[in-house]
Amino acid sequence: MDASFRCLYFLVLLLLTTSTAIMGNSVKSEFPEALSSPAETTSCSNMVDGKVDCSHRGLTAVPKNIPTTVRILDLSHNKLSTVTPDAFDGLKKLQILSLSYNTISRKSIVMELFKDLANLEELYLNHNQVNKFYENVFTNLGNLKILDLSDMNNGIVKPIPREVFAPLKSLTDLRLNNDLLPSFNFLPEGALPKLQKLELARNGISIIAEGDFKYLKGTSIDNLDLSGNDLTSIDPSCFSGLKLLNFINLKQAIHSEDAIAQVGTALKEVHVTNMSLSMIGLTNLTDDTFNTFEGVPLEALDLSLNNISHIAGAPFQYLTQLGEINLYKNFISNIGPDAFSHLGNLRTLDLSNNSLTKLNETTFQSLTESVLRVLYLEINRIEAIEAGTFHGLGQLEFLKLSRNRLTQTIFRPGIGRDA
């Protein structure tokens, strides 16, 4: 190899080596650093239709680059344990804030945290580690409508000072589920004039005494959730004064016939039209099941997910205004001839997911005076439907029979007219 060729060879080799090094450095300096940049993983500057979604980011601090025009801010499902008092400074247009599913402690939930949030309408603090609230914490939130403080500190919350909720004059929905509150006495009477819904589910409540709900007098409460408690004693006048109460949820909250009787007596003081008695362990319905409910204007009754196997006598004879009965997912195999008597207003009956095997002319004979329009019978074990089964149900418009074992049906298309 002559000298000129050797020079050319080494020059080309040098250029290739230099070029590779430059390209390698370029790739290394641009892409890996960009992919691991903290700005990319913690940025909350991307706003869509007024909403900034910073949930499920593994955040340990509230980002500083949140747009000041944000209306909805979601910081749920992160690793926030502390929030500095200036975290939301300048977010004066914020209407909805979610801090749920973090590990925020009491020390962070202070009045200064909300000082710029006068327009806030919804605040979700549920599933955090706050075990006590400062008296003035919500002073600046006069426009708040929904407040969720459920599932705090693994269900152990110290007595809430009565002054905590006093500034919330616009509040319509208060959620205090699974907080094991030691007392009902956490509100001054009439403190929340616009309150419509109160959730006290899974709080270990066993006794409701006279005056326990006196703080709800003067409110607009129409929805009370007591589900998941273990009520054994209910004072006859405990709901007195709740003139607008319309729905009461007692799902999985009472477990004896005596408790059911106490509920009926207590409801005579109010005008409840909708009630859930789902998952309370009922095994049978008889003449006496609702004998204390006479005069209670119930229009909808949820008895789903119980253990009812028989409907004997006329269990609904004292609930003549019922328009809807939900018996979904019980074990009903036998329906007595008077089961639904006295229900002239009944429009919807759900018997789906039960153990019915055969329908005949006596099954629904007590409904001939009703205005039944919707009947759910799917997911049973029905093998045969005899002639006359739906006779007299002249207003029936919707009948669902799917997922049964039908091998024989003896009825014509005019379901309620001539079958």
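No lab work stands behind these numbers, since they all come straight from the coordinates. Bear in mind that the values here come from a model prediction, so they are computed numbers and not experimental data. All Cβ positions, even for glycine, are placed from backbone atoms using ideal geometry, and neighbour counts span all protein chains on display.
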statement: Phi angles of the stretch 241-246, converted by Karplus (6.51 cos²θ - 1.76 cosθ + 1.60, θ = phi - 60°) into ³J(HN,Hα) in whole Hz with x for Gly and Pro, give x, 8, 5, 9, 4, 10
Electrostatic dipole magnitude of the stretch 281-419 [Cβ: Lys, Arg +1; Asp, Glu -1; Cα centre; debye, to 20]: 580
- prompt: Can you pull the percent of Cα pairs in the stretch 281-419 with separation above 23 Å?
  reply: 26
Positive-end residue of Gly50, Leu375, Ile207, charge dipole of the chain with Cβ unit charges: Gly50
query: What list of ³J(HN,Hα) couplings, whole Hz, do you get for the stretch 382-396 from phi and the Karplus terms 6.51, -1.76, 1.60, once you set θ to phi - 60° and write x for glycine and proline?
result: 5, 9, 8, 10, 7, 4, x, 4, 9, 4, x, 8, x, 9, 5
task: Report ³J(HN,Hα) in whole Hz for each residue of the stretch 323-334, in order, from the Karplus equation J = 6.51 cos²θ - 1.76 cosθ + 1.60 where θ = phi - 60°; Gly and Pro get x.
output: x, 8, 10, 10, 10, 4, 6, 10, 10, 5, 10, 9
field: Cα-based helix-to-principal-axis angle, 3-35 vs the chain, degrees rounded to 10
entry: 30
query: Once fully extended, how much extra length lies between Phe398 and Thr362, figured as 0.36 nm per residue of separation less the alpha-carbon to alpha-carbon distance?
result: 11.0 nm
query: Using a basic spin-label model with each label point 7 Å from the Cα along Cα→Cβ, how many nm lie between Gln129 and Ser233?
result: 3.7
field: Long pairs among Lys64/Lys107; Lys64/Lys93; Lys158/Lys243; Lys107/Lys158; Lys107/Lys194; Lys93/Lys115, criterion Cα-Cα beyond 22 Å
entry: Lys158/Lys243; Lys107/Lys194
field: Degrees between helix 257-267 axis and first principal axis of the chain (Cα, 0 to 90, nearest 10)
entry: 90
statement: The simple spin-label model distance between Lys194 and Gln321, using points 7 Å out along Cα→Cβ, in nm, is 2.9
- request: Give, in nm to one decimal, the length gained when the segment between Thr139 and Asn46 is fully stretched (0.36 nm per residue of separation minus the Cα-Cα distance).
  value: 30.5 nm
field: DSSP-defined beta bridges in the stretch 281-419 - what % are antiparallel, rounded to 5
entry: 0
- line: Here, Lys92 and Thr283, labelled 7 Å along Cα→Cβ, have an inter-label distance in nm of 6.6
query: Taking the Cα centre of the chain as the origin, how large is its charge dipole in debye, to the nearest 20, when only Lys and Arg (+1) and Asp and Glu (-1) carry charge on their Cβ atoms?
result: 1020
query: Thinking of the stretch 201-334 as a set of Cα atoms, what percent of all their pairs are more than 24 Å apart?
result: 22
statement: Per the 1/(1 + (r/R0)^6) rule, R0 = 35 Å and r from the Cβ atoms of Asn274 and Ala312, FRET efficiency to 0.05 is 0.85
task: Would you mind calculating the gained length between Asn65 and Glu386 on full extension (0.36 nm times residue separation, minus the Cα-Cα distance), in nm to one decimal?
output: 108.5 nm
task: Report the one residue of Ile109, Val164, Gly394 whose Cα lies farthest in the direction of the positive end of the charge dipole of the chain (charges on C-beta: Lys and Arg +1, Asp and Glu -1; origin at the Cα centre).
output: Ile109
query: Cα-Cα pairs above 32 Å in the chain: how many percent?
result: 55
- line: Per the charge dipole of the stretch 138-282 (beta-carbon charges, Lys/Arg positive, Asp/Glu negative, Cα centre), the residue among Pro188, Thr273, Cys238 reaching farthest to the positive end is Pro188
